Structure formats: C-alpha cells, structure tokens
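What follows is a set of notes on a single structure, which appears directly below.
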Amino acid sequence: MADDDETLMVKAAWLYHVGGLNQAEAAERLGLTRARVNRLLADALEEGVVSITVDRQLAGMVPVEEELRRRYGLAFCQATPALDLLASANADTDLVGLSATQKVAFRAVGLLAANHLRAHLARGKPSTVGLGWGRTVEQMTLHLAGVSAPDARFISLMGSLTANSAFNPFELVYTLAKRTGGEGYFLPVPFIADTVEDRQVLLSQRSVTKAMAIAEEATLCMISVGELEEGSLLRRQGMLTKADIASLRAAGAIGDTNGIFFNEMGRPVDHELNGRTIAVSFETLRHLDVVLMVASPEKTRAAAALLSSGLVKGLIIDGDAALQLLASQG
C-alpha cells in the first residue's frame, strides 16, 4: 500500500471510529467515494490500524469459563460469546478450509488473544513470546495494534520454513516484531525434516541452538491446536499426505500442536513424523506459560486432550467450542 493510501486509511478510520461520522460523511470529508471509504475501513481492520475491544463478560460466559478453568486446572479461561456457528460448519469454505461463519470464530478468538498479549507486553518487564502457527495465531497478530514493545522478543516454537502463507511461523513472527518494534527470531529450518538423521543435523546448527535457547526462555507461549482430519490445515497445506494421516491415526494420534502429534491423553505418539518434527518439545513447554487458542467446535476433541495433559496454563476459546467442550467432557 502506497504512503498516500496509508494516510487515507488512517484518516478514514479516525473520522469513522473516533469522529463518529458515517461512511457517507467520511467520504464527503475526504473527497472519496463511499465504496472507497468502506474499503479503507476494512483495510484498517485487516492491517491492525484499528483495534476493537468488546466487553465479553456481558455475554454470560463467565460460568462456562470458570467451569473450564476449574476442570483443567488453568490459571485463566476466556471465552467469546456463543454465536451458534456450528450450524454453518458445512457451508462453502475458502482455500484454507474456513466457512464465512467459522471465520468469525477465528477473528473473535484472535481479538481476545491479542488483548492478552497486549497486557503481557505492557507489564513493564522483558518479554519473550513464543509463537505457534496457523489461522488463529494469524488473527491474533492482525488484531494487535498500537503497541510499542521495543524490548520484546518474538520467537517461533517450530521450524519456520513451512508453506508460503500468511500464517506460517516466519510471517507471524515478522508481523509482530514489525508492529511492536520488537525483535523477531526464527527456527531457520524446515517444519518437518526429511529424516530423523537430518533433524539431528539441523538441530546441531548454531543458529538453531541459539533460537531454541531463546524459546526456552519464553515468558509467554501462544499456541493453537489442529485436528487430524482430511480438511486440516496441515493436509490442505500439503505437509501431510493421506497416508500420513492414516498412519498417525493408527498410532493413536488425534491432533497436533506445533506439528507434534498427540493422543487422547495429550501425549506425543510414537510415530516417525514426531521423530522428524523440529519444534520445542512438550517437556519444555510444560515449564512455560502456555496459552492455548481454540477457534471452532470441530477442534474440541483435540483441545480436550491437550488440556488434559497439564501442558496448558491458560485457554482462549470461542463460545460455541467452550460449550461443546463442557458437554463432551461432562
């Protein structure tokens, strides 16, 4: 986006969100068409220029949050309002497998996660934030606006050389570092090595050991969870084959986080893919402040397993998934 366009985007956002003008009035003030102002306002949200805060406590989810917190021994649980999105789960999906209504869940969870991250960065203490990957983490980065944290460090928790998409580890770390003025660090290796032997060689590289050491010092880790299904992000991005999914299921796997596949008890399964994945281990994560983000009720089985493992300290979840999680574990 050109500098002039960026200036117009900020002016449009101020006139509409702060000045209280409607789109037609903002368009007249700026000498633009209403359609152009509508596009600028949408860009302002997408680029993180505008950050929206909604008082979630008015949504009646506090009892659900407290029950999930108690059940899984969490430090906190935050849920978005329940929006009855499951009914539209079979609607047409985009290239990353999301229907229009499912996108609402991802954006809502991303907003809560951005607020949690913003509060962490504002503590006045050195921050090192470990990041997973995926659509939920991407939404968190898009909702983080107006934050200056030049002393913060952002580090990927897994190999950063994945599919070329907006939600791969490299792009997510880069975006947060750019928006906050902090520093970004990556695991400059593939997500999954070709062989177990290759993984050992890559882990011995100085740049990798340095990045791993930074990750082990994380003051906060923001991760998501994936389901082991044909429509999963890993499958859609071509990182898993149909045969991989079948063999992982045979080994007892039901989901993954950061590319580590786990079973119903939230423990890594004995599978050669886990022996090739380059990521911060579950044992290391267990000693860190790990916050799990869950968007979409379809992920509740995998989420329940990971929560039961004791790995997770905090949960940010959409309301429909929270209600399903309670019902399935009740």
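Coordinate-derived values only; no laboratory data. Model, not experiment: these values are computed from the prediction. Virtual Cβ from ideal backbone geometry, glycine too; neighbours counted across all protein chains shown.
Overview of values
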{"read-out": "The stretch 3-46: C-alpha gyration tensor shape, a/c 1.5 cut-off, then a/b vs b/c", "value": "rounded"}
{"read-out": "Residues Trp14, Trp133 arranged by fewest to most Cβ contacts within 10 Å", "value": "Trp14, Trp133"}
{"read-out": "Unsatisfied cross-links (Cα-Cα over 25 Å) in the set Lys103/Lys125; Lys210/Lys299; Lys11/Lys103; Lys125/Lys313", "value": "Lys103/Lys125; Lys210/Lys299; Lys11/Lys103"}
{"read-out": "Listed residues Val129, Val208, Val137, most fluctuating in the chain (Gaussian network, C-alpha, under 10 Å)", "value": "Val208"}
{"read-out": "Local net charge near Gly159, Cβ-Cβ under 13 Å (Lys/Arg +1, Asp/Glu -1)", "value": "0"}
{"read-out": "For peptides 240-251, 171-182, sequence by mean Cβ density within 10 Å, most packed first", "value": "171-182, 240-251"}
{"read-out": "Enclosed volume per residue, in Å³, of the convex hull spanned by Cα atoms of the chain", "value": "144 Å³"}
{"read-out": "Highest-first arrangement of 70-76, 114-120, 253-259, 217-223, where packing means the average Cβ count within 10 Å", "value": "253-259, 217-223, 114-120, 70-76"}
{"read-out": "On Cα atoms only, tilt of 34-46 relative to the major axis of the chain in degrees", "value": "30 degrees"}
{"read-out": "In degrees, nearest ten, helix 206-215 long axis to first principal axis of the chain (Cα)", "value": "70 degrees"}
{"read-out": "Residue with peak Gaussian network fluctuation, the chain [Cα springs, cutoff 10 Å], from Leu111, Leu233, Leu40", "value": "Leu40"}
{"read-out": "The chain, relative contact order in percent, only Cα pairs under 8 angstrom and at least six apart counted", "value": "19 percent"}
